[in-house]
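Shown next, in structure tokens, is the structure this report addresses.
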Amino acid sequence: MSVDRELDGPTLLAQLRGWAEAEGFSQIGVADVDLGSAEAGLVDWLSNGFHGSMDYMAAHGLKRARPAELVPGTLRVITARMDYLPRAAPEGWQAIEWQRLARPGEAAVSIYARGRDYHKVLRQRLQRLADRLAEVVGPFGHRVFTDSAPVMEVELAAKSGIGWRGKHTLALHREGGSMFFLGEIYVDLPLPVTPPVEAHCGSCSACLDICPTQAIVAPYRLDARRCISYLTIEHDGPIPVELRAAMGNRIYGCDDCQLDCPWNKYARRSALPDFDVREPLGSATLLELWGWDEAEFLRRTEGSAIRRIGHARWRRNLAVAMGNALRAGLDGGIAQALRAAREGSSDLLREHIAWALAPR
Ligand code: SF4
Ligand code: SF4
């Protein structure tokens, strides 16, 4: 409906940037809708089965690489970056995370998930951006996305200069690292596009080398079936036995490839309080979290992305981490807590508890 309208693109873009900054975004880009060069990679990734049981990744077929098919009329995609390091993250936050990962009795929750559910934060704010835009240009066709399966977020981010696609497959930026969320607004406005930035991975391979499960099977190629983020969050079933030991104490997501990325010394703190750590998620022991029954899990994770995985997967992940703590020589009541939970557990959890308690 707005294909033919006359726009003062540069002025609109400058306005958009101002509104975006006020909403806590640190960068805005605009991509056209030609993702043709990414199609082959997507088809190849899916045909290798690297998406595991994330059937929704395949469900939209090539619409993922064709924004104008997903949302008819789309001419451009406004891309947005929102930094999520908590405001109180101290200098040397990476070292603190490595230390936590080295303490087997503690629970490691991915940094992005310790605060408010980012889906809600980004969606609301992207919609407000679209509303501001409509106040200036009049009603226009649009749809807002964040972390949404039908959207090739990193490709769009790279195309529009939000960052380059790192060898770990996430977007990263020289002045912002990779600790950020991405959001998109598909629009039917002919906004001016913003250019991509140069890639700066060079000969670095730190993310490939550090990955505990060798999930980055080649530069720019992630086998999600091996990735701890996928296994602890997306995967609904038993954790493959051969990958359990490598999970260590990671019970929700994994940050290792980002922690080791040299560009994350430039990662930025969030401008918003939403991603402040909701304790105890930044400091809990495995035993403390194991003590949450379903009602407490739901109460404690209200408004958090963690709630989406449900109590069953949460307990499954904890059982693996507790087994790893026992294997590291720690007990302090862990074995007893596992044994006490066997009775009445689901088959899935019972099997993970049995693995955790198995003689080593
Ligand atoms: S998130 Fe963890 S498991 Fe997944 S690729 Fe990165 S380092 Fe590997
Ligand atoms: S760790 Fe190195 S190779 Fe991996 S994304 Fe960062 S700069 Fe690129």
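The values are calculated or read from the model by the stated rules, or taken from the named source; none is laboratory data. It should be emphasised that the depicted structure is a prediction, and the values quoted were computed from it without experimental measurement. In this analysis, Cβ positions are derived from the backbone assuming ideal geometry, glycine residues included, and neighbour counts consider all displayed protein chains. Just the protein is used for accessible areas: all its heavy atoms, side chains included, with ligands, DNA and RNA removed. Shrake-Rupley method; radii C 1.70, N 1.55, O 1.52, S 1.80 Å.
Amide H contacts of residue 75 (H built 1.01 Å from N, in plane; Pro and chain starts excluded): 187, 188, 189 sit under 5 Å, all sequence-distant by 5 or more or on other chains.
Counting only Cα atoms, the size of region 141-225 along its three principal axes is 44, 28, 18 Å, in decreasing order. Secondary structure note: in the chain, about 90% of the DSSP beta bridges are antiparallel. Computed from backbone phi, the HN-Hα couplings of region 146-152 come to 8, 6, 10, 3, x, 10, 8 Hz, rounded to whole numbers (Karplus: 6.51 cos²θ - 1.76 cosθ + 1.60, θ = phi - 60°; Gly and Pro given as x). Accessible surface of the chain, 1.4 Å probe: 52 percent of it comes from carbon and sulfur atoms. Toward the positive end of the charge dipole of the chain, with +1 on the Cβ of Lys and Arg and -1 on the Cβ of Asp and Glu, the farthest Cα among 254, 146, 104 is that of 104. Which residue, 95, 158, 20, tops the fluctuation ranking in a GNM of the chain built on C-alpha contacts under 10 Å? Fluctuation is largest for 95. Against the longest principal axis of the chain, how steep is helix 310-327, in degrees 0 to 90 to the nearest 10, with axes from Cα atoms? Compared with the principal axis, the helix lies near 50 degrees. Applying a 4.7 Å cutoff between beta carbons, the unpaired cysteines of the chain are 201, 204, 211, 227, 254, 261. The calculated FRET efficiency for the pair residue 132 and residue 88, based on their C-beta separation and a Förster distance of 30 Å, comes to about 0.50. For region 63-204, the spherically averaged projection of the C-alpha convex hull amounts to 10.5 nm². Give me the Kirkwood hydrodynamic radius of region 1-129, using the inverse of the mean 1/r over all pairs of distinct Cα atoms, in Å to one decimal. Across region 1-129, the inverse of the average 1/r is 18.5 Å. Relative to one another, the C-alpha centroids of region 298-360 and region 245-266 are positioned 21 Å apart. Note on residue 217 and residue 347: their simple-model spin labels are 2.9 nm apart, each label 7 Å out from Cα toward Cβ. Put a plus charge on the Cβ of each Lys and Arg, a minus charge on the Cβ of each Asp and Glu, and nothing anywhere else: the dipole of region 87-212 about its Cα centre is then about 300 debye. Amide H to amide H distances under 5 Å link residue 87 with 270, 276, where only residues 5 or more positions off or on other chains count and H is placed in the peptide plane. Think of it as helices only: each DSSP H run of n ≥ 4 in the chain is worth -39500 (n - 2.57), and spread over all residues that comes to -11000 deg cm²/dmol at 222 nm.
With the whole protein complex present, residue 200 retains an accessible surface near 50 Å², based on a 1.4 Å probe. Scalar couplings 3J(HN,Hα) for region 283-296, obtained by applying the Karplus form with A = 6.51, B = -1.76, C = 1.60 to θ = phi - 60°, are 8, 6, 8, 4, 5, 4, 6, 4, x, 6, 7, 4, 4, 5 Hz; x denotes Gly and Pro. The distance between label points at residue 40 and residue 95 comes to 4.6 nm (points 7 Å beyond Cα on the Cα→Cβ vector). Note that region 328-339 has calculated 3J(HN,Hα) couplings of 7, x, 8, 10, x, x, 5, 4, 5, 5, 5, 4 Hz, one per residue in order, obtained from phi through the Karplus relation 6.51 cos²θ - 1.76 cosθ + 1.60 (θ = phi - 60°); glycine and proline are x. Mean-square fluctuations from a GNM of the chain, with a 10 angstrom spring cutoff on Cα atoms, peak among 336, 127, 15 at 336. Taking the charge dipole of the chain about its Cα centre, with +1 at Lys and Arg Cβ atoms and -1 at Asp and Glu Cβ atoms, the residue from 243, 29, 207 reaching farthest to the positive side is 243.
Highest mean packing first, where packing is the average number of other Cβ atoms within 10 Å per residue, the peptides 232-240, 43-51 line up as 232-240, 43-51. State log₁₀ I(q)/I(0) for region 66-121 at q = 0.27, 0.31 Å⁻¹ as given by the Debye formula over alpha-carbon point scatterers of equal weight, solvent excluded. These q points yield log10 I(q)/I(0) values of -1.16, -1.23.
Mind putting a number on the dipole of the chain about its Cα centre? Charges go on the C-beta only, +1 for Lys and Arg and -1 for Asp and Glu, and I need it in Debye to the nearest 20. Numbers along the way, then the final one.
On the way: 43 positive and 45 negative charges, 140 e Å.
It comes to approximately 680 debye.
Over the chain, all Cα pairs binned in 20 Å intervals from 0 give whole-percent P(r) values of 29, 56, 15, 1, listed from short to long.
Once both labels are positioned 7 Å from their Cα atoms along Cα-to-Cβ, the gap between residue 14 and residue 54 label points is 3.9 nm.
Express the accessible area of region 50-123 per residue in Å², computed with a 1.4 Å probe while the remaining protein chains stay in the model. Display every interim value, and only then the final one.
Values: 2950 Å² over 74 residues.
Roughly 40 Å² per residue, with all protein chains present.
A straight line joining the Cα centroids of region 23-60 and region 70-134 runs 18 Å.
At an R0 of 35 angstrom, the distance between the Cβ atoms of residue 199 and residue 102 translates into a FRET efficiency of 0.65.
Once the 1.4 Å probe is applied to the protein heavy atoms, region 201-296 comes out at 42 Å² accessible per residue. About the centre of its Cα atoms, region 254-302 shows a dipole size close to 340 debye [charges on the beta carbon of Lys, Arg (+1) and Asp, Glu (-1) only; nearest 20 debye]. Between 274, 83, 347, the residue with the greatest mean-square fluctuation in the GNM of the chain (Cα pairs under 10 Å linked by springs) is 347. Which part of region 289-306 falls in the paramagnetic zone of residue 340, meaning amide N under 15 Å from the point 7 Å along Cα-to-beta-carbon? Only 289-294 pass the distance filter.
Within the straight-line cut-off of under 14 Å between alpha carbons, the aspartates and glutamates reachable from residue 63 are 34, 39, 153, 155, sequence neighbours fewer than 8 places apart in one chain being disregarded. For region 1-82, the list of GluC sites (Glu not before Pro) that fall in a loop by DSSP and count at most 14 other C-beta atoms within 10 angstrom reads 6.
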